[in-house]
Amino acid sequence: SEANSYCNQRGLDLDFLEVGYKSRRTKDKWGRGSIIFPLKNAANEIISFYGRGITGSSHFYQSNRAGLYPSYPSSETKRLILTESVIDAASLWQLKAVRKDYSVLAMYGTNGLTKEHLEAIDELYKSKDLEEVIFFLDTDEAGQQAVQTYSQMLNDLYPQLRLMNVVGLDDEDVNSILQAHVPAILIDMIAKRKSITLS
């Protein structure tokens, strides 16, 4: 009930999302007291997990972390949204209007665009379907610096790729916006995304 309450407070749709819970009473300390999200490989198999503590702000990744959330994007992806966290990605992925027009991938923090993310983007680019990568990160300095850093990296690798930035609300992330507003505001923000100017 505690985990269900936490998810409901954060606006997470438990009827749609693959979410588990690891009790605080388990002997194994990893992820204790966390909601658990599956990370998947290119074959859509669960190969590791991410845990988010329901009290405080604990984050748990398994050693030799592998896999992407919510899954590897479809090979037909034209527009890919990158979020700063797993919960932010879940907040978008549960919205039918987002799934209809976009694929979503969670980064693992502002320094968390991994080799596996880049390999997935590379495969999409080579398929010639990928047209656009959209960053929807926090509006704080760390988040926007990450947008610039990773945009420059992707531009160097794929100069034909459109790189866009969603301008969120000050002191808010995707999930906190979802909690405080109707989901349509996220769709509107994505629709009003802006082209990234590289310095």
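Residues of the stretch 170-189 that are more than 13 Å from Ser91 (Cα to Cα) and either in contact with a helix residue (DSSP H, G or I) (Cβ under 6 Å, 6 or more places away or on another chain) or modelled with pLDDT of 95 or more (or both): Asp188, Met189.
Anything in the stretch 168-186 that is surrounded by fewer than 16 Cβ atoms within 10 Å (Cβ to Cβ) and either among the acidic types (Asp, Glu) or under 16 Å from the mean Cα position of the chain (by Cα) (or both)? List them, or say none. Of everything in the stretch 168-186, those that are surrounded by fewer than 16 Cβ atoms within 10 Å (Cβ to Cβ) and either among the acidic types (Asp, Glu) or under 16 Å from the mean Cα position of the chain (by Cα) (or both) turn out to be Asp170, Asp171.
Residues of the stretch 30-48 being in contact with a Phe, Trp or Tyr (Cβ under 7 Å, 6 or more places away or on another chain) and closer than 23 Å to Gln9 by Cβ, which ones? Scanning the stretch 30-48 gives Gly31, Ser34, Ile35, Ile36, Phe37, Pro38.
Note on the stretch 98-111: among residues that are out of contact with any helix residue (DSSP H, G or I) (no Cβ under 7 Å at 6 or more places or on another chain) and part of a helix (DSSP H, G or I), the one that is nearest to Met153 (Cα to Cα) is Asp101. Selection of the stretch 25-45 for residues being among the acidic types (Asp, Glu) and either within 18 Å of the chain's Cα centre (by Cα) or within 15 Å of Tyr72 (Cβ to Cβ) (or both) yields only Glu45.
Matching residues to (1) part of a helix (DSSP H, G or I); (2) modelled with pLDDT of 95 or more; (3) open to solvent by 50 Å² or more (accessible area, probe 1.4 Å); (4) of a type in the set (Asp, Glu):
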residue	(1), (2), (3), (4)
Phe16	no, yes, yes, no
Ile47	no, yes, yes, no
Asn64	no, no, yes, no
Tyr72	no, yes, yes, no
Ser75	no, no, yes, no
Ile81	no, yes, no, no
Asp88	yes, yes, no, yes
Leu113	no, yes, no, no
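Can you pull out the residues in the stretch 72-101 that are within 15 Å of the chain's Cα centre (by Cα) and over 23 Å from Arg162 (Cβ atoms)? Within the stretch 72-101, Ser85, Val86, Ile87, Ala90, Ser91, Gln94 meet the criteria.
The values are calculated or read from the model by the stated rules, or taken from the named source; none is laboratory data. The structure displayed is predicted, hence computed values, not measured ones. Cβ: placed from backbone, ideal geometry, glycine included. Neighbour counts: every protein chain shown. Remember, those area values only see protein heavy atoms, side chains included, never the ligands or the DNA or RNA. Shrake-Rupley method; radii C 1.70, N 1.55, O 1.52, S 1.80 Å.
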